[in-house]
Amino acid sequence: MSGVKTIRIIRSKLVSFAFCFEELTVLDQIATNLRIKICGVTRLDQAEAIAQMGATAIGFICVPDSPRYVSPAQIRSIIEQLETPIDRVGVFANESIDSIVSIVEKTDLNVVQLHGNETPEFCEKLRSHLAKIELIKAFRIRSADQLAEVLLYQDCVDTFLLDAYSPHALGGTGHTIDWKILQNVGFDRPWFLAGGITPDNVLAALILKPNGIDLSSGVEIAPGNKDLTKVKQLFDQLNYSG
């Protein structure tokens, strides 16, 4: 093998190594500060286990026709018995402001996620009633054109959540957004990535540099019944990266 060819091979390997190192450095930085929300929790034992593994938030579905629905009484019971501090997110869709405020007050939720067709005006009004509660607005993304809609909410919510669109359900479908359209997103609010995230693809998802990830069906045995083995695999992946 000629010296020139050898140098080219070494140079190629060094470039590849540098790229991988840069990628790992980015993943390390993202994973260190990442918010991790496990949504669709219905059981105290699983909620506690998820909190102990390192999740920063658990989500309770407050939409009655969802297979992951939990009543306000069930939410309150779980939250009262939790031993590990964690954010408690109530997920609502097209619910009235009075109903949302009432459930928050009854259950000790500290985050509200709106997953329906709520307008910016609705969000502003809700925020005036729940000034100390983090407000997340979810968007079901079908195309890059919808990202302009997200910008309309920058002044009336605290955090965005980008989920995959499905005509049959508001969330928890296992469908994935076309990540290519999210490669250059720029918001002045923190944002969660949701939709089809699993322990197997979570590191690839982090390349998009979200502030948080939201998982539901990707770590489930059945709707509302979390697979703690998969949750552990998720954190093993993130801890390996970070």
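Taking only the range 213-225 into account, find how many residues are in contact with an Asp or Glu (Cβ under 9 Å, 6 or more places away or on another chain), more than 14 Å from residue 57 (Cβ to Cβ) and in contact (Cβ under 8 Å) with a residue 12 or more places away in the chain. Don't jump to the end; show me each part of the working.
Step one: of the range 213-225, the residues in contact with an Asp or Glu (Cβ under 9 Å, 6 or more places away or on another chain) are 214, 218-221.
Now restrict to residues that are more than 14 Å from residue 57 (Cβ to Cβ): 218, 220-221.
When the remaining residues are screened for being in contact (Cβ under 8 Å) with a residue 12 or more places away in the chain, the result is 218, 220.
Final tally of qualifying residues: 2.
Given (1) within 23 Å of residue 153 (Cα to Cα); (2) modelled with pLDDT under 95, identify the lone condition not met by residue 29.
The single condition residue 29 does not satisfy is (1).
So residue 132 passes all but one of these: (1) in contact with a strand residue (DSSP E or B) (Cβ under 8 Å, 6 or more places away or on another chain); (2) among the charged types (D, E, K, R); (3) without any contact (Cβ under 8 Å) to a residue 60 or more places away in the chain. Which condition number does it fail?
(1)
I'd like to check which strands (runs of 3 or more DSSP E) are fully inside the range 34-137 and have at least 1 residues that are basic (Lys, Arg), surrounded by 18 or more Cβ atoms within 10 Å (Cβ to Cβ) and within 18 Å of the chain's Cα centre (by Cα).
35-39, 87-92
Would you check which residues across the range 70-92 are among the aliphatic types (A, V, I, L, M) and farther than 22 Å from residue 35 by Cα and list them?
If the condition is that a residue be among the aliphatic types (A, V, I, L, M) and farther than 22 Å from residue 35 by Cα, then 70, 73 are the ones that fit.
Consider only pairs whose beta carbons are under 6 Å apart and that are at least six residues apart or on different chains; among these, list those whose first residue lies in the range 193-212 and is buried (at least 22 other Cβ atoms within 10 Å of the Cβ) and whose second residue is acidic (Asp, Glu).
Taking only residues 6 or more apart or on different chains, the pairs are 194/163; 194/214; 195/163.
Residue by residue through the range 133-145, note down the ones that are closer than 15 Å to residue 108 by Cα and either of a type in the set (Val, Ile, Thr) or modelled with pLDDT under 95 (or both).
Within the range 133-145, the first condition is being closer than 15 Å to residue 108 by Cα, and the residues that meet it are 133-135.
Hit for the range 133-145 is 133, nothing else.
Based on this model, can you work out whether residue 175 counts as within 14 Å of the chain's Cα centre (by Cα), within 21 Å of residue 212 (Cα to Cα) and touching a residue at least 24 places away in the same chain (Cβ under 8 Å)?
Numbers: within 14 Å of the chain's Cα centre (by Cα): yes; within 21 Å of residue 212 (Cα to Cα): yes; touching a residue at least 24 places away in the same chain (Cβ under 8 Å): no.
Considered against the rule, which asks whether it is within 14 Å of the chain's Cα centre (by Cα), within 21 Å of residue 212 (Cα to Cα) and touching a residue at least 24 places away in the same chain (Cβ under 8 Å), residue 175 comes out as no.
Somewhere in the range 234-241, is a residue more than 13 Å from the chain's Cα centre (by Cα) and assigned to a strand (DSSP E or B)?
No: the range 234-241 contains no residue that is more than 13 Å from the chain's Cα centre (by Cα) and assigned to a strand (DSSP E or B).
Do we have any residue at all in the range 178-185 that's in a loop (DSSP other than H, G, I, E, B), surrounded by 22 or more Cβ atoms within 10 Å (Cβ to Cβ) and out of contact with any Ser or Thr (no Cβ under 6 Å at 6 or more places or on another chain)?
No: the range 178-185 contains no residue that is in a loop (DSSP other than H, G, I, E, B), surrounded by 22 or more Cβ atoms within 10 Å (Cβ to Cβ) and out of contact with any Ser or Thr (no Cβ under 6 Å at 6 or more places or on another chain).
Within the range 182-198, is there a residue that is farther than 17 Å from residue 57 by Cβ, modelled with pLDDT under 95 and of a type in the set (A, V, I, L, M)?
yes
What do you reckon, is residue 111 under 15 Å from residue 191 (Cβ atoms) and among the aliphatic types (A, V, I, L, M)?
Yes; evaluated as a whole, the condition is true for this residue.
The values are calculated or read from the model by the stated rules, or taken from the named source; none is laboratory data. The shown structure was predicted, so the numbers you read here are calculated from the model rather than taken from an experiment. Please note: Cβ atoms are built from the backbone with ideal geometry, for glycine as well, and neighbour counts cover all protein chains shown.
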